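The values are calculated or read from the model by the stated rules, or taken from the named source; none is laboratory data. Quick caveat: nothing in here was measured; it's all calculated off a predicted structure. We place every Cβ from the backbone using ideal geometry, glycine too, and count neighbours over all the protein chains shown. For accessibility, only protein heavy atoms count, side chains too; no ligands or nucleic acids. Shrake-Rupley method; radii C 1.70, N 1.55, O 1.52, S 1.80 Å.
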Amino acid sequence: MKTTNKASNVIFTNPKTQQQHYSLRKKKTPPSLLSTPSPLSPPSQHQKLIFFQMGATEHVVGERENEIEAGMREKEGDGGNKEERVRDLERGEVGVEEREVQSNHVDVDDDDNVGHGHDHEEFNVSRFHRLNPTNPLRIVINSSTRVAKPSQPTNQSQRSHTHTQSRSVPTPIETPQPPPQQPVTLNSRRYTNRISLFIFALHQLLAIALVCFLVFKGIRGLIQDSDSVKRKQKNVLKFFLPQVEVATFMSIILAFIWQGAIRKWPTFMIHFILWCTFIMSLAAGILLICFQKAPTDGVGVCFIAFAIGNGLYGCWVSHRIKFCCKVLSLSLQPVSKFSDLNKPTYNMLGVGFLWISLWILAVIGALNFYFPPLIIIVLVLSLMWTTEVMRNVVNITVSRVIALYYLRGMQSSTQFCLLRALTRNLGSACLGSLFVPAIEALRIVARGLNLLEGEDEFMFCCARCCLRVMDSIFRNGNSWAYVQIAAYGKGFVNASQDTWSLFEKEDMVPIVDADITSSICFLTGVCSGSICVIVVAAWTQRVHQSFTATLSLLTFLIGYLLTRIAMAVPHACVSCYYVCYAENPDNRLFDKTIKDRQALLKTGREVVVPTPRGLRRYTTRS
């Protein structure tokens, strides 16, 4: 029968060998064997013999005395293969010693024949490397070269115990962690959308060169051309240029009047703008039709059609006006803390006035050049992009000032924010100036198509296609992006996506989708343009009737563009209110206005007609 000594990991095949083992444990280990050899030196034959005779005695005999007789195992398998499952609770390090003991593995029967002459005695030498470093057997194996230090056994024991625990406990499977995100900074120094910035700079250089060339052509026509050409140029300068300059100056005055009135009486002005625009556009259309000329009649019909649409829109959004007035009032409160917040608006309007004055001379000079209609269309498109960039520069400047106030409680310098908008964030302003007007136009189209019942298959397909396009556009490009562009220096597309993700996370999509602040700013520009049309059309009809239709369209465009520059201030304030709230709803600077609105929408006590951003589910009629 086979007996296992659990304390020493030695397996005995007969009782006689076990008695010899017990007698050898009482003998004292020679002092020469207590030195610590190098882990790289293999044990000698003499050490192996003593190792077997000592019976793998532990350093604490009293604690292991009761464990000697608990290691009985039976043979497993018919082929004589003897696998013993012996576990030592005090295993040592298994580094280099494990490879050395395995490489110098010696048959147990040979050791028995040398030391005691007992046949068929076998033990598992591969277990020796698991002995505790303080075990005498481990000291015997390592006694050739290494000398033990007083402090090493304790540290070695602690390390081996820690290593044993780390090996006995299975290591949990670690899930891959996402890469750490770069910290968001409010003082980014990189230039955003550099390609758009380069294209706009190139366009501006070409536009300046073209305007200068056309002004030169106009002056040359007044000096060197024939009498008929000179007479024509003089008539244009006399009856065309003054009306445009007056319309430009009047548009700037109206822009400041609208902005000051909205800041002072926001609730009243929202109602006033909705219906004043309806009245003014309708009056401009009727006035142009009364002139009874084909060009003026066509322009007048357009104004009347817009007035009808404006009236319908005012009735459609009547239930949204109360909440919009409240948000506008709250968002304009920080404006009083910044006395110089209107300086960017003054600067942009001054630059706009000078550029339009030079631009109109280029339009007059284009009449003496090849393809005048094509040249004038190019100049108009260039003017629209330039003024839209000016408006977005004001928007980004004001957005940074207000956003830093909401996010960090800072009162930053408006001049520094304007300089930043004109340099680092100008590329995003240029890119947004191209896409945001198109997005707003498509938004109006999508809302109109959403009102269709879907009975016409062709119109149904168009509506479905437009809704899919709108879903992609609103996520990748929207007017809410200017807040994060100004605050964090993001690109236009990234800022649009991040801002819309914030709205979705905070369940604010129905609220921002139903906001009419951008529509109010748009209608303010239309109202100023209609007022300019009424004044200029009546004036031109008395002095030079053939210029009435052309000047009506031109002055309407100038009034609209310049007014939108001034209205960028309240628009930026409302955008900052929504975006900064979505980023930190628990900010003490915000009240419960949006939370109460969300609660009303969830309970169904407030109905909001959302802008479509996906396929609408149509029910079949029975």
Among 353, 442, 412 - extreme Cα towards positive end, dipole of the range 348-454, charges at beta-carbon
412
Residue 279 to residue 586: FRET efficiency via 1/(1 + (r/R0)^6), r the Cβ-Cβ distance, R0 41 Å, to the nearest 0.05?
0.40
Could you pull the accessible area for residue 590 with a 1.4 Å probe, rounded to 10 Å²?
20 Å²
Solvent exposure ordering (accessible area, 1.4 Å, most first) of 336, 196, 501:
336, 501, 196
Figure the gain on full extension for residue 411 and residue 232 (residue separation times 0.36 nm, minus the Cα-Cα span) and round it to one decimal in nm.
58.9 nm
Using 0.36 nm per residue of separation minus the Cα-Cα distance, give me the extension gain between residue 339 and residue 294 in nm, one decimal.
11.2 nm
With a 1.4 Å probe and every protein chain left in place, tell me how much accessible area residue 404 has, in Å² to the nearest 10.
10 Å²
Leaving ligands, DNA and RNA out of it, work out the accessible area of residue 595 with a 1.4 Å probe and give it in Å² to the nearest 10.
90 Å²
Quick one: length gained pulling residue 318 to residue 354 fully straight, 0.36 nm per residue minus the C-alpha distance?
9.0 nm
Calculate the spin-label point distance for residue 423 paired with residue 602, positioning each point 7 Å from the Cα along the beta-carbon direction, and give it in nanometres.
4.6 nm
Sequence order, the range 523-536: Karplus ³J(HN,Hα) from phi using 6.51 cos²θ - 1.76 cosθ + 1.60, θ = phi - 60°, Hz rounded, Gly and Pro as x, gives 5, 5, x, 5, 5, 5, x, 5, 5, 4, 5, 4, 5, 6
